[in-house]
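Beneath this line is the structure, given in structure tokens, with notes to follow.
The values are calculated or read from the model by the stated rules, or taken from the named source; none is laboratory data. Everything numeric in this text was worked out from a predicted model, so none of it was measured. Cβ placement follows ideal geometry from the backbone for every residue including glycine, while neighbour counts extend to all protein chains displayed. Side chains included, ligands, DNA and RNA excluded: accessible areas come from the protein's heavy atoms. Shrake-Rupley method; radii C 1.70, N 1.55, O 1.52, S 1.80 Å.
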Amino acid sequence: MTPRERFLRTLNFERCDDRLPLVEWAAWWDLTIKRWKTEGMPAELDWDQSLAYFDLDPLVLIGAGGGPSDTPPGVARLVTDEASYEALRPYLFTDAMIADAVKAARQQQPRHGRGEIAIRVWLDGYFWFPRKLFGIEPHMLAFYDQPALMHRMNSDLADFNVRVIDAICEVLRPEMVGFAE
């Protein structure tokens, strides 16, 4: 079975012919590869080769911003109120972030089409996104002290996430897991 077939069957509660999907989902964490090399994995292997070495299924991550990127000097990185969010907002949900996600999807399209990989789309959610912008403690207090701002931030995030998903799905056609076509 291809990795993509394994994922689709698992998500559809169907039996896999050989085994369930096996993944290393924290691919961005460089300590994983470093540790594997200290435990006997050949040092010359790159990420993709290490997955094959351990017979893991490639789960490729495509993400799209959702946080301060290229914030110019003079614009605070932390949100404290409506005005500070308004100053930061133009840098949070940019077309460039969506374009980067689409570019990544296009790069993975051939492998995805052949079933060699499954795609994981990483989007910030309603807890993590405001937490990054407020900071940990102010974020928790904002639920009570600034509910309208929390609602606006999460509404803006939802709109952005929908735009990202729509753009990626123009490139990579998702399988309709659990639905008849």
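List of remarks:
Rundown of residues vs (1) assigned to a helix (DSSP H, G or I); (2) touching a Leu at 6+ places or on another chain (Cβ under 9 Å); (3) closer than 30 Å to Val79 by Cα, yes/no style:
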| residue | (1), (2), (3) |
| --- | --- |
| Ile98 | yes, no, yes |
| Ala104 | yes, yes, yes |
| Arg131 | yes, no, yes |
| Leu141 | yes, no, yes |
| Asp156 | yes, yes, yes |
| Asn161 | yes, yes, yes |
| Val164 | yes, yes, yes |
| Glu175 | no, yes, no |
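- Scanning region 44-64 for residues that are open to solvent by 70 Å² or more (accessible area, probe 1.4 Å), over 19 Å from Arg19 (Cα atoms) and part of a loop (DSSP other than H, G, I, E, B) yields Glu44, Asp46.
- Residue pairs whose Cβ atoms lie under 8 Å apart, separated by 6 or more positions or on different chains, with the first residue in region 3-25 and free of Cβ contacts under 8 Å to residues at least 24 places away in the same chain and the second part of a loop (DSSP other than H, G, I, E, B) and open to solvent by less than 50 Å² (accessible area, probe 1.4 Å), are Arg9/Cys16; Thr10/Cys16; Thr10/Pro21.
- Some residue of region 100-109 being β-branched (Val, Ile, Thr), open to solvent by less than 60 Å² (accessible area, probe 1.4 Å) and modelled with pLDDT of 95 or more: yes
- Meets criteria (at pLDDT 95 or above and surrounded by 14 or more Cβ atoms within 10 Å (Cβ to Cβ)) for Leu157: yes
- Pair list, Cβ < 7 Å and 6+ apart or interchain, from region 110-134 residues that are in contact (Cβ under 8 Å) with a residue 40 or more places away in the chain and more than 20 Å from Ala87 (Cα to Cα) to residues that are crowded, with 17+ Cβ neighbours inside 10 Å and among the acidic types (Asp, Glu): Gly115/Glu5; Ala118/Asp57
- Only one entry of Val75, Val79 meets the criterion of being at pLDDT below 90 and of a type in the set (Val, Ile, Thr), and that entry is Val75.
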